[in-house]
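*Asks:* One structure, as structure tokens, below. Some questions next.
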Amino acid sequence: MQSLNAIARKLVTRGKGILAADESEGTIAKRFAVIGLPVTLETRRDYREMLFRSREAMDKYISGVILTEETLEQNARDGTPFRQLFADSGVIPGIKVDRGAFPMPGSADEKITEGLDGLRQRLKHYADLGAGFAKWRGVIAVTDHAPSRNGIRANAHVLARYATYCQEAGIVPVVEPEVLADGEPGDHSIARCEDITTETLETVFSELRLAGVDLSGMVLKPNMITPGLRSREQISVEDVAQRTVNVLRATVPAAVPGIAFLSGGQSDEEATAHLSAMNQVGPLPWVLTFSYGRALQSSALLTWNGDPANVAAAQAAFTHRARMNALASLGEWRPELDLAA
């Protein structure tokens with residue numbers, strides 16, 4: 001049996017990253033609505049099968065895939081288990097285990113993620129199915145009144161409890177404390193994002209230590225330091241990269257094997273450019289890579305358009321985006337590589 005550290009290090013293999021394919025039914029419904037596709041068990045399966053059968057992308061650029069409970073146990077149209085497709089490409093299957101973020105009592109603007117009840121039993125089941133890692137998302141809203149210290153600490157404490165259950169089950173926890181860029185009103189400055197993310201990560205690692213989590217057997221999935229999506233600030237790629245690295249250096253212990261960023265509503269190219277610039281800053285104690293959903297999938301979804309005749313073209317679009325982000329994780333992406341596609 002592989003150690004937690006070995007699994008975590010494989011997830012952050014240099015030149016590879018994690019595909020987040022754990023969209024809820026509500027989220028995937030919004031994405032399918034763009035192409036006028038109904039949301040059914042079959043359409044969800046066919047879309048994800050298109051991604052998972054992109055052999056070049058999966059073999060070369062993807063280390064792990066975050067799944068829903070539905071997808072972890074699902075078969076492709078021809079009956080092949082998705083788990084077999086992952087095994088064929090050397091990709092680690094993972095599972096989203098939280099039950100979503102709900103309004104936090106006593107706060108009008110903040111949420112707390114739920115799902116700890118029964119988690120120990122569920123994780124054992126997921127481990128039996130071959131899941132090597134799990135993901136839990138804590139949501140930190142930015143408004144005129146939030147976040148509060150209580151809101152940050154409550155979400156950090158829940159993340160730590162989740163991580164202990166995962167490691168007990170032999171599953172690597174991906175710890176995702178997301179300071180929202182696309183919440184309401186979403187016009188906060190990059191300096192505010194920097195301050196809140198610093199406090200959030202300091203609190204998360206304090207709680208992880210108190211809970212006895214093995215930091216060498218986890219992966220951090222944070223936001224980058226950016227202004228809110230509706231901010232009018234003009235920030236350079238280099239500024240985002242430097243501020244993000246500065247926050248990480250101040251808060252993330254060197255024992256953590258790697259950091260796999262979420263894209264947080266950025267465009268495909270922005271998410272890639274920021275990651276590449278961070279990997280050019282200088283020597284760092286952790287691997288910096290990606291754990292993107294929409295920023296890996298959007299062009300493939302639009303190309304696929306629900307039509308089986310478009311599968312090959314959609315897979316090519318997905319492979320291109322995966323390759324661009326793989327290059328970014330090495331600090332080797334250049335804008336002209338995207339323009340040449």
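*Asks:* Counting helices only, and only those DSSP H runs with n ≥ 4, report the 222 nm mean residue ellipticity of the chain as the sum of -39,500 (n - 2.57) divided by its residues, in deg cm²/dmol to the nearest 500.
*Replies:* Helix contribution divided over all residues of the chain: -14500 deg cm²/dmol.
*Asks:* How big is the antiparallel share of DSSP beta bridges in the stretch 4-339, given as a percent to the nearest 5?
*Replies:* If we restrict to bridges inside the stretch 4-339, about 10 percent are antiparallel.
*Asks:* Where q = 0.06, 0.07, 0.09, 0.14 Å⁻¹, what log10 of I(q)/I(0) comes from the Debye formula for the chain, counting one point per Cα?
*Replies:* Cα-only, vacuum Debye calculation for the chain: -0.19, -0.26, -0.44, -1.15.
*Asks:* Further, regarding this structure: By the scheme Lys and Arg +1, Asp and Glu -1, what is the net charge of all other residues having a beta-carbon under 13 Å from that of residue 13?
*Replies:* +4
*Asks:* Under 9 Å from the Cβ of residue 291, count the other residues' Cβ atoms, weight Lys and Arg +1, Asp and Glu -1, and hand me the total.
*Replies:* Neighbourhood net charge equals +1.
*Asks:* Return a whole-number percent for the relative contact order of the stretch 4-339, with Cα pairs under 8 Å and 6 or more residues apart as the contact set.
*Replies:* 19
*Asks:* Here's another thing I want to ask about it. Could you work out the local net charge near residue 277, counting Lys and Arg as +1, Asp and Glu as -1, over the other residues with Cβ closer than 14 Å to its Cβ?
*Replies:* -3
*Asks:* Could you please rank 145, 320, placing first whichever residue has the fewest other Cβ atoms within 10 Å of its Cβ?
*Replies:* In increasing order of surrounding Cβ atoms, one gets 145, 320.
*Asks:* So which GluC sites (Glu not before Pro) in the stretch 254-334 end up in coil per DSSP with only 15 or fewer other C-beta atoms within 10 Å?
*Replies:* 332
*Asks:* Within a 10 angstrom radius of the beta carbon, how do 268, 338 rank from fewest other beta carbons to most?
*Replies:* Listed from fewest to most nearby Cβ atoms, that is 338, 268.
Taken together, the values in this text are just the output of simple stated rules run on the coordinates, not laboratory data. On a predicted model such as this, the values are computed, not experimentally measured, just so you know. All Cβ positions, glycine included, derive from the backbone under ideal geometry; neighbour counts span all protein chains shown.
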